[in-house]
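First the structure, in the form of structure tokens, and then the observations on it.
The values are calculated or read from the model by the stated rules, or taken from the named source; none is laboratory data. All figures in this text were calculated on a predicted structure; none of them were measured in a lab. Here the Cβ is made from the backbone with ideal geometry for all residues, glycine too, and neighbour counts use every protein chain on show.
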Amino acid sequence: MIWTFEQRRRRAGLLFVAPGLLLLAAILGFPIVDSLLLSLQRVQLTGDQVSHSWVGLANFERLATDAVFWKAAFNTAYFAVMEVLLVSLISLGIALLLRHPMGNSSLFRIMLIVPWAIAPVANAVLWKWILNANYGILNGILVSLGVIDFNHVWLGSPFSALNFLLIVDVWKSVPFVALLMLAGLQRVPQSLYRAAYMDGAGPFQSFMHVTLPSMRGILAIAIILQTIWSLRVFDLVFVLTRGGPADATVLMNFLAYRVTFNFLDLGYGSAIANVIFALTLLIAALYVWLLWPREPGGRR
Amino acid sequence: MFDSLNRRNLLKYGAATGVGAAMAGFWTRPVRAADAALNVFCPLPPDPAPPGAAEFAKEAFAKWQADHAASVTYEKLGWSQLHDRMATAFASGSAPWDIIYNCGWVPEFQSFLAPYADQLPKDVVDDLPPSSFKTVTIDAKRYGAVFTLSLLTLFYNREHLEKVGLKEAPKDWAEFKAYAKELTGGGRYGLVFNYGDPAGIGGTASYWMVFLQQAGGKMYGEDRMPVFNNAAGVDALQMMVDLMAWTDPGSISYANINDATNVLLSGRASMMMNWPFMWNTANDPNQSQIVGKVSSAVLPAGPAGTASIDGTDAWTVAKASKNQDKARELIEFYLSPEVQKRQVLDTGWLPIRLSVLADPEVQAKAPNAAVVLEQAKHPYDSFVTPDYNEVTVAVGTQVQQALQGQKTAAQAMADAHDAVVAIVKRRG
């Protein structure tokens, strides 16, 4: 058999990337497959070993009737939608301010990145102190300013606790997305703004008809990334509320952890984790589709 | 050397320093080939930790290692991470420990533990409260030895009580409510709890278990099915709901005991249920603003008398350990009168040995010891089962809903009962 140059080139390329692919398969593929198999089993710690028995789709059927799972799913959906909305809007606002000549200082960018750079658990502990009902600084400031008359228990009621988790996560997520959007803003050609100005467009019209359409790709990427990240929130729940009060802040990731490691129900915990994985995979696929290079005619 | 400090040199020196540090550890490693190497899994201080992990009985510990040709290394973790670390280690078949701290999880991990405590010397066993073996005994085999008498008792700010004309601690539920009401005001609350985390010993559900026993109820019947959906269960929860009017409202958000303890220690609450370690903390000027003002008392009695729960801090031996005898000897050392005495004098964690608890020096240093001993004369069942975490999350979540007024006590008990029945049936 005679190999063409192109075939030899492709074969050599394949051989070069094979070790990397094998490593990826071992690191990523094995846990995914193992987790999927676990979700089809009942797993128990008995007789100084782990016993497995196949239960088919029973763990997934149990999801359908598990009120806590649905509560976690609703909480997660609310959290994800609100987080994406808030992070996108706030980040866009900050990016616009940073692009303004008065905000174009590297000091602002350094300050902006601080919340994002803080380690997740340290960030959660920091907010735990800020929100403490008895001696938290938030209560202290609001009382001293006369905004509130007495200390509030910010993490004490279901609605308030979930929304404060949201606020904390938004605070942490905004910097990265803002910088992403700033990069997108800086790519918009100035000639478009000048042309719009010549056509009589004001600042708002320029924003609506030049800025936003030019940033469509960046906005989509930011939204998708933020959706994926919001599905993975765990550390905030673990440190700030442990899912309470009364399961009001249980998100799906935390529930998967609780069922797997606290309750030692490894099969059911894997089923929940696989639901999160499937959702993330779908959104990631959308992300890849958006980033896939387009041919000049717009085809992918 | 630093004249030519650049990124390349910095990396080079960093790597050299790292290798040097690693090699230093290699050359100076104290383990001799003939030594038995014991690996102990325990909590980080200030939670109850053994000599060598906590700052007490260090010389005796070093001598024990030398005398027994053994080297002991500790894996210490924050208390909240202990269970999950054990679960993952056992599930993956890679638990490296000989001795393992347990706290109510013995039924859950029983199959990975050895019933070594049956072999403890008679003089040791005779000096321990028989009831201390309850949470570590399964099918008449003893899998652990509790090493600290750790029951919930009442801690109160004596100065606050005296200011409103109260001379001694509340004795029953009626007084408990009246005291809490009287002590609330001026930015202060009568009570503080940590109701934020429903799970485990010290979680929301376990506080309800205290009131449940005081009301004359219990969790399970002879058939191991839940039996708490009755007047005692509802009364216990209603008592907690009633007390909320004078409880620091932040209690529902405090996820661990330290959050609530800090409120009492800052003088912003007057009473709380807490573990014996609190005594030292409350009298440490570096941690407390109420030094010398704290007293402890037996918990107020309900219709059936006073009752508490057991912290169940126990040492267990791994079934997979290759040094089970040596591990048992080390636990005997932990339980020796000298170590037990230093444990309470230096860390505040009470001993479990009755002879040490009766020691005048111990009673002078830890006046709460007598209170805990008195509390131990009454029921203190923690109702641990293999699915304790799942059960306490189910019950604790319902209790939280009742405390927030989302459900009546009766409705919450009925829902908790149904949830626990489902868990027990699933356990099989």
Here is a list: B:Gln404, B:Gln375, B:Gln398. Which entry is farther than 27 Å from B:Glu108 by Cβ and not assigned by TED's automatic domain parsing to the domain that holds B:Gln343?
B:Gln404
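So that you can scan it fast, the table gives a plain yes or no per residue for (1) away from chain A (no Cβ under 13 Å); (2) touching a residue at least 60 places away in the same chain (Cβ under 8 Å); (3) in a helix (DSSP H, G or I):
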{"residue": "B:Lys181", "(1), (2), (3)": "yes, yes, yes"}
{"residue": "B:Tyr195", "(1), (2), (3)": "no, yes, no"}
{"residue": "B:Gly202", "(1), (2), (3)": "no, yes, no"}
{"residue": "B:Glu222", "(1), (2), (3)": "yes, no, no"}
{"residue": "B:Met239", "(1), (2), (3)": "yes, yes, yes"}
{"residue": "B:Leu243", "(1), (2), (3)": "yes, yes, yes"}
Of the numbered conditions (1) within 14 Å of chain B (Cβ to nearest Cβ); (2) in contact with a Leu (Cβ under 9 Å, 6 or more places away or on another chain), A:Arg242 fails exactly one; give the number of that condition.
(2)
Residue in the stretch B:157-172 that is free of Cβ contacts under 8 Å to residues at least 60 places away in the same chain and within 13 Å of chain A (Cβ to nearest Cβ) present:
no
Just name the residue that is modelled with the lowest pLDDT out of those in the stretch B:1-16 that are part of a helix (DSSP H, G or I) and loosely packed, with under 10 Cβ neighbours inside 10 Å.
B:Phe2
Inspect the stretch B:204-212 for any residue being at the interface with another protein chain (Cβ under 9 Å from one of its Cβ atoms) and touching a residue at least 12 places away in the same chain (Cβ under 8 Å) and give the result as yes or no.
yes
From the list B:Gly185, B:Gly233, B:Gly217, which one is away from chain A (no Cβ under 11 Å), over 30 Å from A:Leu236 (Cα atoms), surrounded by fewer than 22 Cβ atoms within 10 Å (Cβ to Cβ) and small (Gly, Ala, Ser)?
B:Gly185
Considering only residues that are modelled with pLDDT of 95 or more and part of a loop (DSSP other than H, G, I, E, B), which ones fall in the stretch A:117-145?
A:Leu131, A:Leu145
Could you tell me whether any residue of the stretch B:335-353 is touching a residue at least 24 places away in the same chain (Cβ under 8 Å) and closer than 27 Å to B:Gly233 by Cβ?
no
Residues satisfying the stated conditions in the stretch B:311-336, i.e. in contact with a helix residue (DSSP H, G or I) (Cβ under 6 Å, 6 or more places away or on another chain) and closer than 30 Å to B:Gly217 by Cα:
B:Thr312, B:Ala314, B:Trp315
The stretch B:191-220: number of residues that are in contact with a strand residue (DSSP E or B) (Cβ under 6 Å, 6 or more places away or on another chain) and of a type in the set (Gly, Ala, Ser)
1
Considering only residues of the stretch A:226-238 that are under 26 Å from B:Thr392 (Cα atoms) and surrounded by fewer than 20 Cβ atoms within 10 Å (Cβ to Cβ), which is farthest from the other protein chains (Cβ to nearest Cβ)?
A:Arg232
Go through the stretch B:261-377 and tell me which helices (runs of 4 or more DSSP H), entirely inside it, have 2 or more residues that are surrounded by fewer than 23 Cβ atoms within 10 Å (Cβ to Cβ), more than 22 Å from the chain's Cα centre (by Cα) and more than 14 Å from every other protein chain (Cβ to nearest Cβ).
B:324-334, B:360-365
How many residues does the stretch A:237-290 contain that are under 30 Å from B:Gly405 (Cβ atoms), of a type in the set (A, V, I, L, M, F, W, C) and outside any helix (DSSP H, G or I)?
5
Considering every residue within the stretch B:86-98, establish whether at least one is without any contact (Cβ under 8 Å) to a residue 40 or more places away in the chain, within 22 Å of B:Leu330 (Cβ to Cβ) and buried (at least 23 other Cβ atoms within 10 Å of the Cβ).
yes
Taking the conditions exactly as written (in contact (Cβ under 8 Å) with a residue 60 or more places away in the chain, under 28 Å from B:Pro379 (Cβ atoms) and surrounded by fewer than 19 Cβ atoms within 10 Å (Cβ to Cβ)), does B:Asn256 satisfy them or not?
yes
For the stretch A:1-65, give me every one of the helices (runs of 4 or more DSSP H) that falls completely inside it and has 1 or more residues that are more than 28 Å from A:Ser270 (Cβ to Cβ) and out of contact with any Cys (no Cβ under 9 Å at 6 or more places or on another chain).
A:5-24
Residue identified as touching a His at 6+ places or on another chain (Cβ under 8 Å), hydrophobic (A, V, I, L, M, F, W, C) and within 23 Å of A:Phe234 (Cα to Cα) among A:Ala133, A:Ala117
A:Ala133
When the residues of the stretch B:245-259 are narrowed to those that are more than 7 Å from chain A (Cβ to nearest Cβ) and outside any helix (DSSP H, G or I), which ends up nearest to B:Gln404 (Cα to Cα)?
B:Thr247
Might you check whether a residue that is assigned to a helix (DSSP H, G or I) and over 20 Å from the mean Cα position of the chain (by Cα) occurs anywhere in the stretch A:147-154?
no
Do you know which of the residues in the stretch A:24-53 that are more than 10 Å from every other protein chain (Cβ to nearest Cβ) and touching a Lys or Arg at 6+ places or on another chain (Cβ under 8 Å) is modelled with the lowest pLDDT?
A:His52
